[in-house]
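> Here's a structure for you.
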Amino acid sequence: MTGTISRLLRGLVLCGLLGVAACSATYKNHGYIPPEEDLQQLVVGVDTRTTVDDVVGPPSLSGMSDQGDYYYVRMRKRTFAMFRPEVIERQVLAISFNEDDTIANIETFGLEDGQIVPLARRVTDSSVVNNGFLRQMLGNIGNINPFGSGGAFGDS
């Protein structure tokens, strides 16, 4: 009898530990920012776009045209249980260029410098958001045209 209670107690402790471990936060890292040692090699007003490509690599984002500025973005998200992921760290390194392709400025921005801005967000609006199933079905009753194309009485 005590062996069964002991096994049951061990099973409950194991389930409790698994439950606690399942609720721990998970972290995801996205993007790339060059290390500070590589950025120290770049000289504003002297180095060019080609030098930046060779020293720190091409960016994940660039300006609107081929001659645009370079943007390196790194982000860290925390997900806890069933809650929506939260951005806990975001760094943006912006390298701007002059007209002669030399570096004009190197700037770094973080979350403390402003609001969280989604870099890409594609949302499609649905026309059936507030319509239930029955409302959608009954709303189509007047839209049937038996003489339209492909109908039973259609043109042949």
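Read-outs throughout are calculated quantities, based only on the coordinates presented, and are distinct from any laboratory measurement. Keep in mind that what you see is a predicted model, and the values were worked out from it rather than measured. Reconstructed Cβ throughout: ideal geometry from the backbone, glycine too, with neighbour counts over all protein chains shown.
> Show me the ranking of peptides 74-80, 7-13 by mean Cβ neighbours inside 10 Å, starting with the highest.
Ranked by mean Cβ neighbours within 10 Å, highest first: 74-80, 7-13.
> To continue, here is another question. Lys and Arg at +1, Asp and Glu at -1: add these up for the other residues within a Cβ distance under 15 Å of Asp38 and post the number.
Summing Lys and Arg as +1 and Asp and Glu as -1 gives -4.
> What nm value, rounded to one decimal, do you get for the distance between Tyr32 and Leu18 when each label is placed 7 Å out toward the C-beta?
4.0 nm
> Now for a different question. Modelling each spin label as a point 7 Å along the Cα-to-Cβ direction, I'd like the Asn105/Val46 distance in nm, to one decimal.
Result for the modelled spin labels: 2.2 nm.
> So if the hydrodynamic radius of the range 23-113 is defined as the Kirkwood radius over C-alpha pairs, what does Stokes-Einstein give as its diffusion coefficient at 10 °C and 1.306 mPa s, in µm² per second?
This corresponds to a translational diffusion coefficient of 110 µm²/s.
> Going highest first, how would you order 26-35, 50-59 by mean Cβ packing within 10 Å?
Highest mean packing first, the order is 50-59, 26-35.
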